[in-house]
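None of the figures in this text is laboratory data; all of them are computed from the coordinates on show. On a predicted model such as this, the values are computed, not experimentally measured, just so you know. Here Cβ is always computed from backbone atoms with ideal geometry, including for glycine, and neighbour counts include all displayed protein chains.
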Amino acid sequence: MNSPAHQPDINASSGAGPSGSGPSPSAALRGIRVLDLTRVRSGPTCVRQLADWGADVIKIEAPVDEAQFGGPRHGPDFQNLHRNKRSLTLDLKSPDGLAAFKRLADTADIIVENFRPDVKNRLGIDYETLSLTNPKLIYASISGFGQDGPLADRPGFDQIAQGMGGLMSITGEPGRGPMRVGIPIADLCAGLFAAQGVLIALFERQSSGRGQWVQTSLLQAQVFMLDFQAARFLMDGDVPKQAGNNHPTTIPTGVFKTHDGYMNIAVTGNQIWRKFCDSMGRSDWATDERYVNAAARSKNRDALNAEIETITATATTADWIERFNAAGVPAGEINDIGQVFSNPQVRHLGLAQPVISQERGATELVGQPIILSRTPSMIATPPPLAGQHTTDILTEIGYTEAQIAAMKASGAI
């Protein structure tokens, strides 16, 4: 639960939620309407960024209770991805359902989808079509490999993108084969980049008055996230390899045994190297020709690591972390997930936020990692029940009770 220092100020961020539905998650995006056509993880990650900052997000769902992509509705994945939204059930393959969606799209600021690239065109809900009647529309598309090109039609999946995007070739221990990262990093980054693109387009719209099509993909996100490893290749022709827990260029940086477990140590630059040597009681390493500079430490990494671990094994993790941080040497615990959320700094930052789930009762979800001083984010409402707001939303765009009843009878909603 949040500490008082970072508990969201409900008075600062609330006011009427979507159409007066209760407290708003934030005032930052109040008045912005988002239609959520997403599923699985990359798309919902994008939309969550908009919902958590106060946009009126309408999750479009099929009227039939289909199996949820990414897990059941009561499961942790769904609960964490779909808070702060409303739910409208629509059959987009029925004429009445499609007509209702297009009518709703004319009222939207943003639409986010992560269908296969051809699906939106077949349904007639692509950017080119919808922007004809709503030129201010910002339309975000997330795909596996891009909207066009030789591989655009391939089905996308996080681990596939991790492999194709090079990440698995630099993750894991040398000689042990490729290794995936322990989170769906391509999905998550694609969603975050899509949200960033939407916000950029929203800002640009203030001057141009026009929306635009925002595109990203799992592959693009993964390649971008190679960061300095990609730059090493593009600029120097260096193809990075797996380095396990060792940092590829900063030495000594990695995982070291202690008397009661393991810890991370990060020694960057000669100034911190000298502080590290003093902390270890081995000031002589600073002038040892094997370790005197970065190039020498890189060449003799294995010998240096072995010497370090002989010493670190003589004291506890807590003892070393206290000693190193007091000396200005970066060092930290290696926590499991339970230890993460019991960490006093994590608790202080309020990263676990309380919510009353409709399926699970009192629980906690992961809050936003961004703090805004005037318009903070909070989890104001739990994930909606399927179709929970269908009547309200259709009424907002002018449907009568009789029309809504007819749509229910036909299966359009």
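Quick notes
- Lys, Arg +1 and Asp, Glu -1 on Cβ, resulting dipole of region 324-413 about Cα centre, debye, nearest 20: 140 debye
- When the chain is treated as a Gaussian network with alpha carbon springs shorter than 10 Å, the biggest mean-square fluctuation among GLU128, GLU307, GLU364 belongs to GLU307.
- Shape metrics for region 153-286, restricted to C-alpha atoms - Rg then Dmax, Å: 20.2, 65
- Gyration tensor verdict on region 253-335 (Cα atoms; rounded if a/c is under 1.5, prolate if a/b is larger than b/c, oblate otherwise): prolate
- Packing-based exposure ordering (other Cβ within 10 Å, fewest first) of PHE101, PHE115: PHE115, PHE101
- Membrane-span-like helices in the chain, defined purely by DSSP H runs whose alpha carbon atoms cover 27 Å or more axially and whose average Kyte-Doolittle hydropathy reaches 1.0, are 185-208.
- Region 340-388 versus region 247-302: alpha-carbon centroid distance in Å: 39 Å
- Normalised by residue number, the volume inside the convex hull of the Cα atoms of region 220-366 is 161 Å³ per residue.
- The chain, relative contact order in percent, only Cα pairs under 8 angstrom and at least six apart counted: 22 percent
- Considering all different alpha carbon pairs of the chain, the Kirkwood hydrodynamic radius works out to 24.2 Å.
- This ranking places THR89, THR314 by how few other beta-carbon atoms lie within 10 Å of each, fewest first, which gives THR314, THR89.
- Counted by neighbouring Cβ atoms within 10 Å, the residues ILE337, ILE308 run from fewest to most as ILE337, ILE308.
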